[in-house]
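What follows draws every value from the coordinates through simple rules; no lab data is involved. Note that this is a predicted model, so its numbers are computed, not measured. Every residue, glycine among them, receives a Cβ derived from its backbone with ideal geometry; neighbour counts consider all protein chains shown.
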Amino acid sequence: MKIKFSQGELKKQRDALRQYERYLPTLQLKKQQIQLEILHQQSALREKERILSEKRRLAEEWAGLLYEVPGIRKWLKIERVVTGRRNVAGVDIPVFVNAQFEPVEYDLFLMPLWLDTGLETLRGLVSMFEEIRVMEQGVSVLNQELRITTQRVNLFEKVKIPGAKEAIRLIKIYIGDQMTNAVGRSKIAKSKIEQSGFEEVVS
């Protein structure tokens, strides 16, 4: 970084330093909030996966009955997954609302009695799988934002602020030297004038 050794540049660097030092705590807070949210989301995700695993285990106990209804897969097709948005430290993450399935029509008299309950349970499993997928997307968004924010924090802490401080130090030294030299030159000039005046008086 090239700097000009002038009073104007000194003011510019001081203003920049104040701006960096004012902005850094905001970035650090954002980083901390995102880290906490990632931990929270990962914990919620593990719990949701545990519940899904348990429900799948229970469903396996009667999964053999599905052979009685070979076309049941088409009734588990999702029409759309509805999501909302939640803001975390200025970052929008997706939030699962529900999974909407394609409408189903079947003859209640021809189908086994357990079909309604079974279909509801299976749709619950599919919905939970989609919820986990949306949560994983949210964690991915947060991780990406954490990387960017960490880079910015590092930039301010390790480059911008030390750079501005060093520039201020160098400019102050230069200006100090210039002032010292100016005082020295002034004294020499004054001495020469006084010497010249003295010689005129003597002669």
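With respect to the cross-link table entries Lys30/Lys165; Lys12/Lys158; Lys11/Lys31; Lys2/Lys30; Lys48/Lys74, which display a Cα-Cα separation exceeding 22 Å? Numbers along the way, then the final one.
Numbers: Lys30/Lys165 24 Å; Lys12/Lys158 19 Å; Lys11/Lys31 30 Å; Lys2/Lys30 32 Å; Lys48/Lys74 25 Å.
Those over the limit are Lys30/Lys165; Lys11/Lys31; Lys2/Lys30; Lys48/Lys74.
Residue-wise, which Karplus ³J(HN,Hα) couplings in Hz belong to the stretch 149-159, taking 6.51 cos²θ - 1.76 cosθ + 1.60, θ = phi - 60°, and x for glycine or proline?
Result, ordered by residue: 5, 4, 4, 5, 4, 4, 4, 5, 5, 9, 10 Hz.
Could you calculate the contour length gain from Asn154 to Glu136, that is, 0.36 nm times the residue separation minus the distance between their Cα atoms, to one decimal place in nm? Spell out each step's value before the answer.
Values: separation 18, 0.36 × 18 = 6.48 nm, distance 2.67 nm.
Going from the current span to full extension adds 3.8 nm.
Taking the beta-carbon count within 10 Å as an exposure proxy, list Arg73, Arg123, Arg133 from fewest neighbours to most. Before the final figure, lay out each step's value.
Values: Arg73 10, Arg123 16, Arg133 13.
Ascending Cβ contact count within 10 Å gives the list Arg73, Arg133, Arg123.
What FRET efficiency comes out for Ala59 versus Arg147 if R0 is 41 angstrom and r is the Cβ-Cβ distance? Round to the nearest 0.05. Spell out each step's value before the answer.
Values: r = 38 Å, r/R0 = 0.94.
E(calc), rounded to 0.05, equals 0.60.
If neighbour count is taken as other Cβ atoms inside 10 Å, put Phe129, Phe96 in order from fewest to most. Walk me through the numbers before you get to the answer.
On the way: Phe129 15, Phe96 20.
Ordered from fewest to most neighbouring Cβ atoms within 10 Å, Phe129, Phe96 come out as Phe129, Phe96.
Determine, for Met179, Met128, the number of other Cβ atoms within 10 Å of each Cβ, and report the residues in order from fewest to most. Walk me through the intermediate numbers first.
Values: Met179 10, Met128 18.
Result, fewest neighbours first: Met179, Met128.
Give me the number: length gained by fully extending Val82 to Gln178, i.e. 0.36 nm times residue separation minus the C-alpha to C-alpha distance, one decimal in nm. Show your work: numbers first, answer last.
Numbers: separation 96, 0.36 × 96 = 34.56 nm, distance 6.89 nm.
That works out to 27.7 nm of additional length.
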